[in-house]
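Q: Here's a structure for you.
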Amino acid sequence: MRRTTLILLIAGFLLAGGFALAQSQQQNQPGQEQQQQQQGQMTTGTVVSIDDQQLVLRTPDGERHTLRFADASARPSGVSEGDQVRVQIEDRQGQQVATRVMPMTGSQQAQGQQGQQDQQDQQRQQAQQRQQQPGQQGQQAQQGRQGEQQMQGTIARIDDQQLVLRTDDGRQQVFSLGSDVDAQEFRTGSQVEVRYEQQGGQLVAQSLNQASGERAQAQGAQQGRQQLPQTASPVALQGLAALIALAGGLGLRRLRTRG
């Protein structure tokens, strides 16, 4: 009986001690959170404007931040526009609030200026890299254009997928047609100029144009069909009408004389 009572007492003491420890930890957590909120975030910058209610701060990255003073004690004395300051910031109800503003010493200002200079140098390098990217892309495009080759010859066979070209030395070359080539514009026997690239061991025609001589002949024939020579003249028709009128007048006069 005594042993059971002793065990119950020990268990009661342990439960009570554990409950008290848990309660003390819960009480300490709000205090720690409040302390962390009080510590806030420290930042540096240049004072753009300041009054009794708020401070406008320009940080080294060039951005401006408007900070309301948490209370009257947070409003610094002797700080004016252009001063380098360190500001302790807290987030209260979704709004950034300045809880402390401290002027920077000479060494701190030198460190801040060095950090600002380093950040500006980094931004300048990024801008130069962005400017170089279009040049690199143009260089790659130029290299791609240099990979194109040219060949002239007579079309031996052509369809929507393939072109067989017979060159001047009698060789036949097979090309796959690129997506920009319209095979319906050309026919067998036409003199053409092919611009092509080698892709995966295949010759791919990127463009297909009529050869300069045949193109000139085709243009001349088309202009000839569009502009026929105007050899007919209205003068002969007018003279014929005058002769008919004259003959009719003479005939009518004779009929009157006989009557």
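Q: Identify the residue in region 146-182 that is closer than 12 Å to Gln210 by Cα and open to solvent by less than 70 Å² (accessible area, probe 1.4 Å) and, among all such residues, is nearest to the chain's Cα centre (by Cα).
A: Met151
Q: When region 170-214 is examined, which residues are found to be in a strand (DSSP E or B) and acidic (Asp, Glu)?
A: Result: Glu193, Glu197.
Q: Moving on. Within region 55-89, can you find the residues that are of a type in the set (Gly, Ala, Ser), open to solvent by 40 Å² or more (accessible area, probe 1.4 Å) and in contact with a strand residue (DSSP E or B) (Cβ under 8 Å, 6 or more places away or on another chain)?
A: Answer for region 55-89, where residues must be of a type in the set (Gly, Ala, Ser), open to solvent by 40 Å² or more (accessible area, probe 1.4 Å) and in contact with a strand residue (DSSP E or B) (Cβ under 8 Å, 6 or more places away or on another chain): Gly78, Ser80, Gly82.
Q: Taking Arg253 as the residue in question, decide whether it is open to solvent by 70 Å² or more (accessible area, probe 1.4 Å) and either modelled with pLDDT under 70 or assigned to a loop (DSSP other than H, G, I, E, B) (or both).
A: So Arg253 does not fit the description; no.
The values are calculated or read from the model by the stated rules, or taken from the named source; none is laboratory data. Given the structure is predicted, the values throughout are model-derived calculations rather than measurements. Quick reminder, even Gly has a Cβ in these numbers, built from the backbone with ideal geometry, and neighbours come from all protein chains shown. Side chains are part of the model used for accessible areas, which takes the heavy atoms of the whole protein and leaves out ligands, DNA and RNA. Shrake-Rupley method; radii C 1.70, N 1.55, O 1.52, S 1.80 Å.
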